[in-house]
Structures are given as structure tokens and as C-alpha cells.
Amino acid sequence: MGYYNKYLFDTAITWTTDGANAGTVNYRKGKFYSTNVNGVLLSNEGYVSKAVAEILNTVAWRYVSRVGNPKLMNNVMAGIVISIPSSFKEQDKISELLTDFDCLIALHQRKPKYISKLT
């Protein structure tokens, strides 16, 4: 089986538009391909960061339409207002801290697997 070696975006904030995970927001660093079941937020001003994605993730679920299949469409996402630190330096520090926490959580989640191999 092969792979698709093209990409549409390079570093962005994405969210799931349809289904059970509609409204879930993620920061994607690096090049990636996007399908029609997620939306993509880009910024030429530098507002794409893990910090902004996590702040948005705390409120986006409130805007999901739950009539039938859950949805959070582009026009609704465009209307969401959030407060973010105005300093990019502060956003970067928050992003680094959140990334460190993610790594620490991942390590702790793997720990039982490795401990069980020792016994």
C-alpha cells in the first residue's frame, strides 16, 4: 500500500466539523493534508499556536449543532470570539507548557505497559 505525498496546509489549527467529535480543535504543526470532515484556521499574523487551539477547544463544543448529525460548520466557527494573550511571546510560552504537559501525560500513559513487561 502506498501513501499520499502531497499536502494542502503547513501548520494550522483544525477542527472536526461533523460527527461525534464535531467541535474538537487541534493544533497541527507541519505539513498535512485535510479532508472535508474538518475545518482549517490559518493566520498570516501568527495567531496559529497550540495555545490558541487549546483556548478555542474549551469553547468550540458549545457551538456544535446537535440536530441530527453533530456539526460545527465554517460560518459558525468564524463567529466564535475568544480571549487570547496579545503577546506572541506569551502565546509561545503557553504553547510550550501545553506541549510539555502533553508529552508528560503520554509518558505516564505508557508507563503501566512497560511496568507490566517487567513483572
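The values are calculated or read from the model by the stated rules, or taken from the named source; none is laboratory data. In this text the structure is predicted, and so the values were computed from the model without any measurement. In this analysis, Cβ positions are derived from the backbone assuming ideal geometry, glycine residues included, and neighbour counts consider all displayed protein chains.
If you scan the stretch 13-44, which residues turn out to be of a type outside the set (A, V, I, L, M), in a loop (DSSP other than H, G, I, E, B) and loosely packed, with under 15 Cβ neighbours inside 10 Å? I'd like the intermediate steps shown before the answer.
Pass one, the stretch 13-44, residues of a type outside the set (A, V, I, L, M): 14-19, 21, 23-24, 26-36, 38-39, 43-44.
Next cut, in a loop (DSSP other than H, G, I, E, B) only: 17, 19, 21, 23-24, 33-36, 43-44.
If the condition is that a residue be of a type outside the set (A, V, I, L, M), in a loop (DSSP other than H, G, I, E, B) and loosely packed, with under 15 Cβ neighbours inside 10 Å, then 19, 33, 34, 35, 36, 43, 44 are the ones that fit.
Just wondering, is there one or more residues in the stretch 25-44 that are farther than 30 Å from residue 5 by Cβ and not aliphatic (A, V, I, L, M)? Spell out the reasoning first.
In the first step, residues of the stretch 25-44 are kept if they are farther than 30 Å from residue 5 by Cβ; the result is none.
No, the stretch 25-44 has no match at all.
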message: Between a residue in the stretch 92-119 that is surrounded by 10 or more Cβ atoms within 10 Å (Cβ to Cβ) and any residue that is in a helix (DSSP H, G or I) and of a type outside the set (Lys, Arg), which pairs come within a Cβ distance under 7 Å, given they are 6 or more apart or on different chains?
response: 94/51; 95/51; 98/51; 98/54
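Give the residues of the stretch 55-84 that are of a type in the set (Gly, Ala, Ser) and either more than 22 Å from residue 98 (Cβ to Cβ) or in contact with a Gly (Cβ under 6 Å, 6 or more places away or on another chain) (or both), sorted by residue number.
Correct list: 60, 65, 68, 78, 79.
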- request: For the stretch 55-98, name all the residues that are within 16 Å of the chain's Cα centre (by Cα), modelled with pLDDT under 90 and assigned to a loop (DSSP other than H, G, I, E, B).
  value: 84
